[in-house]
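See structure below.
The values are calculated or read from the model by the stated rules, or taken from the named source; none is laboratory data. Small disclaimer: the values here were computed from a predicted structure and weren't measured. A quick note on method: Cβ atoms are made from the backbone with ideal geometry, for glycine too, and the neighbour counts reach across all protein chains shown.
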Amino acid sequence: MQKHNFSAGPSILPREAIEATAQAVLNFNNSGLSLMEVSHRGKDFESVIIEARALVKELLAVPDGYSVLFLGGGASLQFCMVPFNLLEKKAAYLNTGTWANKAMKEAKGFGEVVEVASSKEANYSYIPKNYTVPDDVDYFHITTNNTIFGTELADDPKVKPYLVADMSSDIFSRPVDVARYGLIYAGAQKNLSCAGVTLVIVKDEILGKVSRHIPSMLNYKIHIDGDSMYNTPPCLPVYTALQTMKWLKTNGGVASAQKRNKTKAALLYSEIDRNKLFKGTAAIEDRSLMNVCFVMNEAYQELEKDFLAFAQERGMVGLKGHRSVGGFRASIYNAMSIESVQALVDAMKEFEKSH
Ligand SMILES: *Cc1c(COP(=O)(O)O)cnc(C)c1O
């Protein structure tokens, strides 16, 4: 049976990227060796990381003056690495959910953290608007897509301080005006690669301004000077990231991805809104194109388990919602086909008919 993978992360990747990685694990560049057993300083792997960094710049139209890094430690390490390198006195954070909270918690160990707005009182079901960001902060941190609560910023905010963004779950899903950002980071396992690597795009001139000592492995400047190979990089996830980006480029880049993502999300949200059994949990104007959160309508609460089983029988996996929202979450990242979204919509319609 065909599987439809709605997992939130690690999550669906393009079949091409998985097959190319499988091939390279067996025989990398016809070397007779596995990608897993060759030197990261060898010519073959060096060209992988060089091409991967160049493709990030090409796909996101990264302006001059920025460096691209592939680091270990996940997005969670960036919660601490960002303030370590950038927070001298004060930083502003937008509190839009679990991940934003974790980022703020780490930053508090380095300086003053100003929470400019929060949607906590409504279980993070919307993105706060009309907040003001103080001019004198070192940066303003946002989470562009809230993987758990299914909300997303549709645009890059316009503020005076540099933006720092956790784009773990919507990187490459839309064009980004990188020039507004001092730093962008993204754990790879949502939209880019397998777990084990984190993409960082950093504006060179924002570095070197804090007075504290920064340990080498946590120092962006040292990774930049080492061409993202200060130590052994996560070779296999970097290789998969390169394959995903090649797939993305072949399919029209991030602008085309955004079009497909809008179509897929509209198809699913319109069924959620139409179907008497279900309702969405996020404010309509802030609905995520990546993680679609929905629950059973009050009158049908007891059907939740049945619907999960019904969907599972049709090959759908990863639909159970995060415990902090409940219900369902359909993650429909770049690699998710419209056919799989249609299969979910069909299952919802069929389930409705029998109840
Ligand atoms: C998954 C996720 C994280 C955590 O990533 P790790 O790589 O597990 O540290 C952080 N932020 C967002 C928005 C995420 O979706």
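Only one of Tyr239, Tyr230, Tyr300 is in contact with a His (Cβ under 8 Å, 6 or more places away or on another chain), in the same structural domain as Ala24 (by TED's automatic domain parsing), at negative phi and crowded, with 16+ Cβ neighbours inside 10 Å. Can you tell me which?
Tyr230
Number of residues in region 166-194 that are touching a Lys or Arg at 6+ places or on another chain (Cβ under 9 Å) and within 13 Å of the ligand (Cβ to nearest atom): the value is 4. Here Ile148 qualifies as touching a residue at least 12 places away in the same chain (Cβ under 8 Å), within 15 Å of the ligand (Cβ to nearest atom) and farther than 30 Å from Glu58 by Cβ.
Keeping to region 70-122, report how many residues are surrounded by 20 or more Cβ atoms within 10 Å (Cβ to Cβ) and assigned to a loop (DSSP other than H, G, I, E, B). Residues flagged as surrounded by 20 or more Cβ atoms within 10 Å (Cβ to Cβ) and assigned to a loop (DSSP other than H, G, I, E, B) within region 70-122 amount to 5.
Considering only region 84-100, I want to know if a residue exists there that is small (Gly, Ala, Ser), within 16 Å of the ligand (Cβ to nearest atom) and not assigned by TED's automatic domain parsing to the domain that holds Val345. Taking every residue of region 84-100 in turn, at least one turns out to be small (Gly, Ala, Ser), within 16 Å of the ligand (Cβ to nearest atom) and not assigned by TED's automatic domain parsing to the domain that holds Val345.
Of all residues in region 318-355, those being more than 25 Å from Tyr124 (Cα to Cα) and either hydroxyl-bearing (Ser, Thr, Tyr) or surrounded by fewer than 16 Cβ atoms within 10 Å (Cβ to Cβ) (or both) number 11.
In region 54-78, the residues that are within 16 Å of the ligand (Cβ to nearest atom) form Cβ pairs under 8 Å with partners that are modelled with pLDDT under 95, at six or more places apart or across chains, as follows: Leu69/Ser228; Phe70/Ser228; Leu71/Ser228. Each residue in region 123-138 was checked for being at negative phi, more than 16 Å from the ligand (Cβ to nearest atom) and in contact (Cβ under 8 Å) with a residue 24 or more places away in the chain, and 10 pass. When region 101-116 is examined, which residues are found to be within 11 Å of the ligand (Cβ to nearest atom) and in contact with a Pro (Cβ under 9 Å, 6 or more places away or on another chain)? Hit for region 101-116 is Ala103, nothing else. Going by the conditions given, is Val202 crowded, with 20+ Cβ neighbours inside 10 Å, modelled with pLDDT of 95 or more and either outside the structural domain of Phe84 (by TED's automatic domain parsing) or in contact with a His (Cβ under 6 Å, 6 or more places away or on another chain) (or both)? Answer is no for this residue.
If you go through region 34-56 and keep only what is surrounded by fewer than 16 Cβ atoms within 10 Å (Cβ to Cβ) and over 14 Å from Thr232 (Cα atoms), you end up with Ser34, Lys43, Ser47, Ile50, Glu51, Ala54.
Taken over region 6-30, the criterion of being closer than 16 Å to Ala330 by Cβ and buried (at least 18 other Cβ atoms within 10 Å of the Cβ) is satisfied by Phe6, Ala8, Gly9, Ser11, Ile12.
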